Each structure stands twice: as C-alpha cells, then as structure tokens.
Amino acid sequence: MTNLKVESKVESGEGKLASLPRAKLVERRDVTDDLMVIKLVPEGGVFDFKPGQYCTLGKEGVERAYSIASAPHEDFLEVFVELVPEGGLTPKMWRLKVGDTMSIRPRAKGVFTFKDNFHHHMMLSTVTGVAPSISMIRHYLHERREGHTFYVLLGASYQDELTYDRELSSLAVKYPNTVKFVPACSRPDEDRNVGWTGAKGRVNAIFESYLGRFNLPKEDTMIYACGHPGMIADVKEKAALAGWNFIEERFWKE
Ligand SMILES: Cc1cc2nc3c(=O)[nH]c(=O)nc-3n(C[C@H](O)[C@H](O)[C@H](O)COP(=O)(O)OP(=O)(O)OC[C@H]3O[C@@H](n4cnc5c(N)ncnc54)[C@H](O)[C@@H]3O)c2cc1C
C-alpha cells in the first residue's frame, strides 16, 4: 500500500481497543439498507495481507473479523459488511461516517487464500462472502498472471444484493479465459427480483451443475466456499462425497 497517512486520535469509549492502531473510513457506499461497502486507510497506510485473508476491526470495545475485498496493491482496505440488527458491532458500524475511525489489529489472518497449484478455482459465495474472491481476482489480474481460471458463482436472495456483479461481469468480458461469472438469485419469483434473467436457486443447490457445465477436472480444481454457514455445510458434504478439493470460510456459526 502507498503511504497515505491517517491522523487519528483515539476516540472515547474504545475501552480495551484504545491501544490498537486505527483505520480511517475514507469511503462508504450503502448498497441496500443492510449492506455496505466501506474503504478504510490504516494508520501509516501500511497493512500487509494475502488476498483472501481477513482483518479484525473494532469500535467501542467490540471487535469482529472482516474478509478483505481489496487487493494488496490498493491504497485502502475494502470490506463488504452486512448489518446484523441485534449484533454487537455492525449497528455501531452503520453509524460511521467518512472521517471516523475504527481499531484494526495489526495482522491479517486466515488461510482461505489462493491455492496456486490448482488451475481451476470454483468460488462459491453468498452476498458478503464474495469478498475474498474479489481480492484474489484483483490481485491475480494486477500481477498480469495467466493460466488459472476463476469460476465465481455468487448467490443472493435478491439481485440488488449481488454488489460486485458489475465488476465481475466486466472482468468476465475483458478476461474471458481467466474469469467466469455466474450470479444467482435464490428467490427469483419475488417482486424485488423482477426482470431477473440469471441463474436461479441457492449456490449449494446449483454448484454441481456448474462443475459439469464448465467441465472441471476434479484433480485440478479447488472449490472455495465462503459466507453463509448453511451453504458451506451443504457444499462441503456434497464436495467431500464426490471427492472434490474444498476449502471454506464460515462467517458465523449456526
Ligand atoms: C473469518 C471471518 C470473516 C468474516 N468476514 C465478514 C465479511 O467480510 N463481511 C461481513 O459482513 N461479515 C463477516 N464476518 C462476520 C463478522 O465477523 C461479524 O460476525 C458480523 O459482521 C456480525 O457482527 P455483529 O457484532 O454485528 O453481530 P454478532 O454479535 O457477532 O452476531 C450476532 C448473531 O448474528 C450471527 N451472525 C453474524 N453474522 C451474521 C450474518 N451476516 N447474517 C446472519 N447472522 C449473522 C452471529 O452468529 C450471532 O448469532 C466474518 C467472520 C469471520 C469469522
């Protein structure tokens, strides 16, 4: 990351998080009432991470993990957050405005990262679970790499929750050998999805048909599943039964 400097004072009410580094909110995009994409610049402008890892953000004494959607070369940390109305942190995040700060643990964590030794990468996610895939793809393309293919199957109940669909659609057109994108709505008949012409059904119910449609070789394919624990549990069971390589990142426990 470049040397964007954040002048931040520790805010009152931070309690046990008061001694941690801060990250400043530099952009906020409200996608729906309960989804937002925010960009943060950490103090000193430097935050090392591998695409697919998560950072730990905090506010007013509460910390949670967030997968990073941006790539390491970008000047900000981008995270895609869903509001949990009764949750400890996200209601506080919804009150944030540009210029406010959050605490950030100094180290990124996680092993849900790009598995280079496979040529085919089937990335299954629900809503905010797309973040690690975005980071991996942005990084891969920034490095001008070739020879691997990302098959992104992104699911949501409603089309307006798909959020990174424009970016993924345009990358799929620009880099057809590297990015394939399948957005899917699980409630196609509801009013909010009027006009929907893409795939229909839950990611866990349709991914096997896309493994077949893309003719993916089992021994050279990694399946990544990220987001909703119910989706992941079902994919894991099906993938394990059929002998696919599989890794997961669950955002919460059911
Ligand atoms: C490795 C990792 C990466 C994560 N990355 C992201 C991310 O990129 N974006 C993101 O929005 N969240 C992500 N999460 C979830 C995040 O850490 C928080 O749990 C979430 O934002 C809710 O925080 P909260 O304090 O408001 O609610 P909490 O007080 O943590 O949770 C309240 C209840 O809601 C459940 N819950 C948590 N998240 C959801 C949800 N999305 N939908 C329904 N129920 C939920 C919890 O299990 C709990 O029962 C990630 C979690 C992990 C472990």
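It is to be established whether one or more residues within segment 20-36 are farther than 15 Å from T163 by Cα and either within 12 Å of the ligand (Cβ to nearest atom) or outside any strand (DSSP E or B) (or both). Within segment 20-36, one or more residues are farther than 15 Å from T163 by Cα and either within 12 Å of the ligand (Cβ to nearest atom) or outside any strand (DSSP E or B) (or both).
At least 1 residues being over 22 Å from Y54 (Cβ atoms) and among the β-branched types (V, I, T) is the threshold, and among the helices (runs of 4 or more DSSP H) wholly inside segment 151-254 those reaching it are 165-174, 203-213. Taken together, the residues in segment 41-70 that are part of a loop (DSSP other than H, G, I, E, B) and more than 15 Å from the ligand (Cβ to nearest atom) amount to 3. From the residues in segment 98-107 that are part of a strand (DSSP E or B) and not hydrophobic (A, V, I, L, M, F, W, C), which one is surrounded by the fewest Cβ atoms within 10 Å (Cβ to Cβ)? Selected residue: T101. Residues of segment 108-123 include at least one that is part of a loop (DSSP other than H, G, I, E, B), within 23 Å of G15 (Cα to Cα) and either at pLDDT 95 or above or within 9 Å of the ligand (Cβ to nearest atom) (or both). When G88, G44 are checked against the criterion of being out of contact with any helix residue (DSSP H, G or I) (no Cβ under 9 Å at 6 or more places or on another chain) and modelled with pLDDT under 95, a single residue qualifies: G44. Number of residues in segment 124-142 that are within 15 Å of the chain's Cα centre (by Cα), more than 20 Å from T56 (Cα to Cα) and not in a strand (DSSP E or B): the value is 3. Cβ separations smaller than 7 Å between residues 6+ apart or across chains give the following pairs from segment 226-254 residues that are among the small types (G, A, S) to residues that are assigned to a loop (DSSP other than H, G, I, E, B): G227/F251; G230/E254.
The values are calculated or read from the model by the stated rules, or taken from the named source; none is laboratory data. What you see is a predicted model; the values in this text were computed from it and never measured. Cβ coordinates were reconstructed from backbone atoms using ideal geometry, including for glycine residues, and neighbour counts include every protein chain displayed.
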